[in-house]
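S.K.: Have a look at this one before I ask anything.
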Amino acid sequence: MTSPSPAATSAWVVEHPGPITSAPLRLVERETPAPGPGELLLRVRTCGVCRTDLHLAEGDLPPHKPRCTPGHEVVGEVIATGPDAEDFRVGDRAGAAWLAETCGQCRYCRSARENLCPDSRYTGWHIHGGYADHLLVDARFAYRLPEGWSDEDAAPLLCAGIIGYRALERADLPPGGRLGIYGFGASAHLTAQLAIARGAEVHVVTRSRGAQRLALELGATSAGADAPPKPLDAAILFAPAGSLVPVALAALDRGGTLAIAGIHLSEIPPLDYDRHLFQDRTVRSVTANTREDGRAFLAEAARLRPTVRVTRYPMRRADRALEDLAVGRITGVAVLVTD
């Protein structure tokens, strides 16, 4: 370790998973961890608020760590390094994302598919995340962030952006094709801009009037609560609603692909083969991301500079941010800012 760590860390923990209205989160004080071999200790500056954090708090995702601290879109300052922590020095800005660790030895890791590693671990699910003053991160899984981005704008890139990028790749959108986006929150509003910059025609389906307006402002061809006006070459489902799977499949043209970009999805209704799957239609899930996905997206974002629609909350109001996310009061993405 290169410098002494602060004695105490203020952090939110999931005390009793349940409906967000039942106050499942609690703000606690705990000892600040010291970085071990290959680790960085970050002073958290900002942390994006992801729907996965809400799923963890409400119990849709069973916690892998008792009283776990959520948060996996973290921008922080390196304040200490452990032995053999390469590529970062004290004072550097670093990003911590969802994928926190893989085994590096299994057949998935050895074939550039580390997102499928059976022993993978995730920030804010297996290990404490960024709803806190300080965070430990494996230096091998930390990111250099694009220059010129504020901490608040950079934080959502680390999950909303990266997962949206992977979902877009999984959707197999042809050049100049028509892309449907179902749900228009943090990830979708970044992914839409990426697709438009690549020459796509984007059609957004969302019930939120505010999200519809934002989609059109960002360049979408259409935005509404009903089916897209044209058959789609590809679609991405961001809303965690299984009921939308047959809806999205029915809107696909022949040969179209639907990518489902969520870690949690409600039950999918029965599918009709002729209407939903025939004519070479494809359904794909999106399981986490690889570090290469992260690096590729951040490089593309540095070139394109997508607009990030941010709503800021102080870290001490993380519980309020999740409540607002749950009831749809956030357009774009929420970001927690340390005091």
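The values are calculated or read from the model by the stated rules, or taken from the named source; none is laboratory data. Please read these numbers as outputs of a predicted model, since none were measured by experiment. Every residue, glycine as well, gets a Cβ built from its backbone with ideal geometry; the counts of neighbours run over all protein chains shown. Note: accessible area is taken over every heavy atom of the protein model, side chains too, but ligands, DNA and RNA are not part of it. Shrake-Rupley method; radii C 1.70, N 1.55, O 1.52, S 1.80 Å.
S.K.: Please go through region 269-292 and pick out each residue that is without any contact (Cβ under 8 Å) to a residue 60 or more places away in the chain, open to solvent by 70 Å² or more (accessible area, probe 1.4 Å) and not hydroxyl-bearing (Ser, Thr, Tyr).
M.R.: PRO270, LEU271, ASP272, ASP274, ARG275, PHE278, ASP280
S.K.: Is it the case, given these coordinates, that ARG26 is surrounded by fewer than 21 Cβ atoms within 10 Å (Cβ to Cβ), at pLDDT 95 or above and under 23 Å from the mean Cα position of the chain (by Cα)?
M.R.: yes
S.K.: Scan region 105-115 and give yes if some residue there is in a helix (DSSP H, G or I), free of Cβ contacts under 8 Å to residues at least 40 places away in the same chain and open to solvent by 40 Å² or more (accessible area, probe 1.4 Å), otherwise no. Lay out the reasoning, then the answer.
M.R.: Within region 105-115, the subset in a helix (DSSP H, G or I) is 109-111, 114-115.
Going one step further and asking which of them are free of Cβ contacts under 8 Å to residues at least 40 places away in the same chain, we end up with 109-111.
Add one more test, that the residue is open to solvent by 40 Å² or more (accessible area, probe 1.4 Å), and what stays is 110-111.
Yes; the residues of region 105-115 include at least one that is in a helix (DSSP H, G or I), free of Cβ contacts under 8 Å to residues at least 40 places away in the same chain and open to solvent by 40 Å² or more (accessible area, probe 1.4 Å).
S.K.: Which one of the conditions (1) surrounded by 15 or more Cβ atoms within 10 Å (Cβ to Cβ); (2) modelled with pLDDT of 95 or more; (3) out of contact with any Lys or Arg (no Cβ under 8 Å at 6 or more places or on another chain); (4) under 24 Å from ARG312 (Cα atoms) does SER150 fail to meet, given that it meets all the rest?
M.R.: Every condition holds for SER150 apart from (1).
S.K.: Something else about it: Consider TYR165 against the criteria (1) outside any loop (DSSP other than H, G, I, E, B); (2) within 23 Å of LEU322 (Cβ to Cβ): it satisfies all of them except one. Which criterion is unmet?
M.R.: (2)
S.K.: Scan PRO62, PRO66, PRO83 and give me the residue that is out of contact with any strand residue (DSSP E or B) (no Cβ under 8 Å at 6 or more places or on another chain) and farther than 22 Å from HIS126 by Cβ.
M.R.: So the residue among PRO62, PRO66, PRO83 that is out of contact with any strand residue (DSSP E or B) (no Cβ under 8 Å at 6 or more places or on another chain) and farther than 22 Å from HIS126 by Cβ is PRO83.
S.K.: Next question, about the same structure. Identify all residues within region 126-162 that are hydrophobic (A, V, I, L, M, F, W, C), more than 22 Å from GLY332 (Cα to Cα) and in a helix (DSSP H, G or I); write none if there are none. Talk me through it step by step, then tell me what you get.
M.R.: To start, the set of residues in region 126-162 that are hydrophobic (A, V, I, L, M, F, W, C) comprises 127, 132, 135-137, 139, 141-142, 145, 149, 154-155, 157-160, 162.
Checking the rest, the ones that are also more than 22 Å from GLY332 (Cα to Cα) come to 127, 132, 135-137, 139, 141-142.
Of everything in region 126-162, those that are hydrophobic (A, V, I, L, M, F, W, C), more than 22 Å from GLY332 (Cα to Cα) and in a helix (DSSP H, G or I) turn out to be ALA139, PHE141.
S.K.: Is there a residue in region 93-102 that is in contact with a helix residue (DSSP H, G or I) (Cβ under 7 Å, 6 or more places away or on another chain), free of Cβ contacts under 8 Å to residues at least 24 places away in the same chain and surrounded by 14 or more Cβ atoms within 10 Å (Cβ to Cβ)?
M.R.: yes
S.K.: Further question on the same structure: Cβ-Cβ under 9 Å, sequence separation 6+ or interchain: first residue in region 75-88 and open to solvent by less than 20 Å² (accessible area, probe 1.4 Å), partner assigned to a loop (DSSP other than H, G, I, E, B) and basic (Lys, Arg). Which pairs?
M.R.: Note: pairs meeting the criteria are VAL78/ARG89; THR81/ARG89; PHE88/ARG144.
S.K.: Output yes when any residue across region 211-233 is among the hydroxyl-bearing types (Ser, Thr, Tyr) and buried (at least 19 other Cβ atoms within 10 Å of the Cβ), and no when none is. Show your work before the answer.
M.R.: Of region 211-233, the ones among the hydroxyl-bearing types (Ser, Thr, Tyr) are 221-222.
Add one more test, that the residue is buried (at least 19 other Cβ atoms within 10 Å of the Cβ), and what stays is none.
No, the conditions are met nowhere in region 211-233.
S.K.: If a residue has to be touching an Asp or Glu at 6+ places or on another chain (Cβ under 7 Å), more than 28 Å from ALA261 (Cβ to Cβ) and without any contact (Cβ under 8 Å) to a residue 60 or more places away in the chain to count, how many in region 8-62 make the cut?
M.R.: 3
S.K.: Follow-up question, since we're still on this one. State all residues of region 80-95 that are over 11 Å from ARG45 (Cβ atoms) and either outside any loop (DSSP other than H, G, I, E, B) or of a type in the set (A, V, I, L, M, F, W, C) (or both); if no residue qualifies, say none.
M.R.: Step one: filter region 80-95 for residues over 11 Å from ARG45 (Cβ atoms), giving 80-92.
Scanning region 80-95 gives ALA80, THR81, ALA85, PHE88, VAL90.
S.K.: I've got another one for you. Name every residue in region 33-70 that is open to solvent by less than 10 Å² (accessible area, probe 1.4 Å), in a strand (DSSP E or B) and touching a His at 6+ places or on another chain (Cβ under 7 Å), in order of residue number.
M.R.: LEU41, LEU42, VAL44
S.K.: Within region 135-143, does at least one residue satisfy the condition of being of a type in the set (Asp, Glu), open to solvent by less than 40 Å² (accessible area, probe 1.4 Å) and in contact with an Asp or Glu (Cβ under 7 Å, 6 or more places away or on another chain)? First the steps, then the outcome.
M.R.: So the first thing to find is which residues in region 135-143 are of a type in the set (Asp, Glu), and the list is 138.
Those still in the list that are open to solvent by less than 40 Å² (accessible area, probe 1.4 Å) too: 138.
Now narrow it down to the ones that are in contact with an Asp or Glu (Cβ under 7 Å, 6 or more places away or on another chain): 138.
Yes, some residue in region 135-143 is of a type in the set (Asp, Glu), open to solvent by less than 40 Å² (accessible area, probe 1.4 Å) and in contact with an Asp or Glu (Cβ under 7 Å, 6 or more places away or on another chain).
S.K.: Now for a separate question. Any idea which residue in region 316-339 is farthest from GLY185 (Cα to Cα), counting only those that are in a helix (DSSP H, G or I) and open to solvent by 40 Å² or more (accessible area, probe 1.4 Å)?
M.R.: First, pick out the residues of region 316-339 that are in a helix (DSSP H, G or I): 316-326.
Filter once more, so that each one left must be open to solvent by 40 Å² or more (accessible area, probe 1.4 Å): 316-317, 319-320, 323, 326.
Working: ARG316: 23, ARG317: 20, ASP319: 18, ARG320: 17, GLU323: 15, ALA326: 12 Å.
In this case the residue turns out to be ARG316.
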